[in-house]
Each structure stands twice: as C-alpha cells, then as structure tokens.
Amino acid sequence: MREFNYHRPRTVAEAAALLKGAAGAKLLAGGQSLLPVLKLEMAQPTDLVTLSGIGELRGVRVDGNKVIIGALTTHSDVASSADVKRLLPGLAQLAEGIGDAQVRNRGTIGGSLAHADPTADYPAAALGLGATIQTDRRTIAADDFFTGLFETALGADEIITSVHFPLAEKAAYAKFANHASRYAIVGVFVAKTAQGVRVAVTGAGPKAFRVPAMEKALGASFTAAALDGVTVAAADLNEDGDASAAYRANLVSVMARRAVAAALG
Ligand SMILES: Cc1cc2nc3c(=O)[nH]c(=O)nc-3n(C[C@H](O)[C@H](O)[C@H](O)COP(=O)(O)OP(=O)(O)OC[C@H]3O[C@@H](n4cnc5c(N)ncnc54)[C@H](O)[C@@H]3O)c2cc1C
C-alpha cells in the first residue's frame, strides 16, 4: 500500500472541498471494499477523505412514505433498525445477510452503492424498491445509477449523502450466496408497490438489472406460480468459477420465486 494524506472532515461541505482540492483524492467509508483495493495497489490515491467524522451521514429516519438511510449507516445498523424492520423487512433481511459480522459492522450503504460491485446486495434493493440516491449536489434514480461493472453515474468528486427507499406493499430478497464471502452468486429483490411490481437481480450480470418480463407476470398475479415459464436469457450473464451463465439464469428464476414467496409471508 502506498503512502497517502489522511483527512477527517466534520461536514459534507468540508469533505467536498477536500475532494475538489486534490485530483487524486478518494472517499473512505467503512473501508471493506476500498482497503483491499489499496492493498492490491489497484488504486493509488494521494489523499483519503474519511467520512467517519460526519455524524449527519449516519442513521435511519422515516419521512412520509419513505425510509431514508444516511450514506454512512452500517449494514448492521440497517439490519437492526426498528423502522427498517417494521416498514421494509426485506431490506433489513438483505442487510443482515451481507458478509460476516465484521463486514456488517464496518461496511456502509453509501460505500456499497458507490463501489457497485456486480455481486453486492444493496444494488438489488435500490433498483427493486425504486430508490433514489441523494448526493451532495443532486438526486439520482436507482434506475440511472448503475452504469456498468463497478461503474455508477457518480462524478469523481461526488458524495452520496443518503438513500431514499419508497415503502412497498410487499417486498423481499432471496440470495444464493457464495458460501465463503456471502456475496451474491444471484440475488433477486422483488417489490409490489402501488405503481406496479419491480424485480431486480444482482450477481448475475456485469451490473444489477431489472427483469421486465417477470415484472409483467407478477403485475398480473403476484404469486410464485405466475413466474412459470418466465425465464431470463443466459447469453449476457456472468460465467465464472462459481457458476455458469446457464446456472445463473436458472437461479434467477428460482430466487425470484423464493423472493415472491417470502414477500407473501
Ligand atoms: C469478506 C467480505 C465479504 C463481503 N460480503 C459482502 C456481501 O455478502 N454482500 C455485499 O453486498 N457486500 C459484501 N462485502 C462488501 C461490503 O458490503 C462493503 O462494505 C461495501 O462494498 C463497501 O462499503 P464501505 O463502507 O466499506 O466502503 P469503502 O470500502 O470505504 O468504499 C468503497 C468505495 O465507495 C466509495 N465511497 C464510499 N462512501 C461513499 C459515499 N458516501 N459517496 C461516494 N463514494 C463513496 C469509496 O471512495 C470507494 O471507492 C463484503 C466485503 C468483504 C471484505
């Protein structure tokens, strides 16, 4: 790991100024994804700007029909939040299934979304619930946020401040996890909302994606049986040591059914 300058701002504005002031600066949240990257020297920032001193970025609050989660809120805090458990139990369950206790105690929702690992869990919830990502300068719909493999719509010096999740009538997540890391080989988040049904998949492709054919079938009848015969093509899916593309395509169907069954309770 190379040497870098370390900054601990107290406000988002201060963090933004530090990022603007050094072209090679990077934000640090829980460090669960960034530190391995630094150790492998896959990134060599001149400056690290930790968000850990910015209290306004932590915590869960409810505003009307939305659950708003601060970017620096850890996976454990999302999983144990009484509001999340009551209003979006599928999201609490998703957070509880991330990595191990150490990862959940350090890793944050903002870091997870910004990192945009194709096998991470939160991208499925953000897309599945139709969340919006609030940054220090704009609001980005989850549908527009994930742009490619480890790529997002965020600018280089843009800071996620919170994630706004609309409430759903029913919602749940089902994951087929890598047994060592708990990352998703395939994870499917299903949500039934007043605006319709959303189905979002992580782990299967280069970025999280929605499945319109499943959304249509579940819009007509929100039952696992409605997914009979509705499949995703293997052609564009990931193929690696964990699973073939064809296996992943089958897992999308299986996990979607499990998510619907879980949402129906
Ligand atoms: C052993 C292990 C197992 C894991 N298992 C899982 C799993 O099962 N499921 C899963 O989803 N994830 C898993 N993870 C990843 C984990 O969830 C990380 O916490 C998450 O990916 C990154 O969050 P972080 O807060 O640690 O971010 P960091 O590592 O600090 O940062 C990650 C990236 O995001 C940027 N960033 C951080 N915060 C912000 C912000 N507010 N605004 C803009 N950019 C920001 C950083 O600059 C960096 O580029 C695992 C990690 C490990 C080490």
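The values are calculated or read from the model by the stated rules, or taken from the named source; none is laboratory data. What you see is a predicted model; the values in this text were computed from it and never measured. Cβ placement follows ideal geometry from the backbone for every residue including glycine, while neighbour counts extend to all protein chains displayed. Remember, those area values only see protein heavy atoms, side chains included, never the ligands or the DNA or RNA. Shrake-Rupley method; radii C 1.70, N 1.55, O 1.52, S 1.80 Å.
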Would you be able to tell me the number of residues in segment 91-119 that are crowded, with 24+ Cβ neighbours inside 10 Å and more than 6 Å from the ligand (Cβ to nearest atom)? 5
Output for segment 165-181, where each listed residue is touching a residue at least 12 places away in the same chain (Cβ under 8 Å) and closer than 24 Å to Thr119 by Cβ: Phe165, Ala168, Ala171, Ala172, Tyr173, Ala174, Lys175, Phe176, Ala177, Asn178, Ser181
If I filter segment 182-218 down to residues being part of a strand (DSSP E or B), touching a Gly at 6+ places or on another chain (Cβ under 6 Å) and not small (Gly, Ala, Ser), which single residue comes out as farthest from Asn250 (Cα to Cα)? Val197
Matching residues, segment 201-223, being without any contact (Cβ under 8 Å) to a residue 40 or more places away in the chain and of a type in the set (A, V, I, L, M): Ala213, Ala217, Ala220
Scan Thr74, Thr46, Thr50 and give me the residue that is in contact (Cβ under 8 Å) with a residue 40 or more places away in the chain, in contact with a strand residue (DSSP E or B) (Cβ under 9 Å, 6 or more places away or on another chain) and exposed (fewer than 15 other Cβ atoms within 10 Å of the Cβ). Thr46
Counted residues in segment 120-167 being more than 13 Å from the ligand (Cβ to nearest atom), open to solvent by 10 Å² or more (accessible area, probe 1.4 Å), in a strand (DSSP E or B) and closer than 15 Å to Lys66 by Cβ come to 5
Tell me which residues, restricted to segment 18-34, are surrounded by 14 or more Cβ atoms within 10 Å (Cβ to Cβ) and either within 10 Å of the ligand (Cβ to nearest atom) or outside any loop (DSSP other than H, G, I, E, B) (or both). Leu18, Leu19, Ala25, Lys26, Leu27, Leu28, Ala29, Gly30, Gly31, Gln32, Ser33, Leu34
All-but-one check, Lys170 against (1) touching a Phe, Trp or Tyr at 6+ places or on another chain (Cβ under 8 Å); (2) closer than 30 Å to Lys20 by Cα, failing number (2)
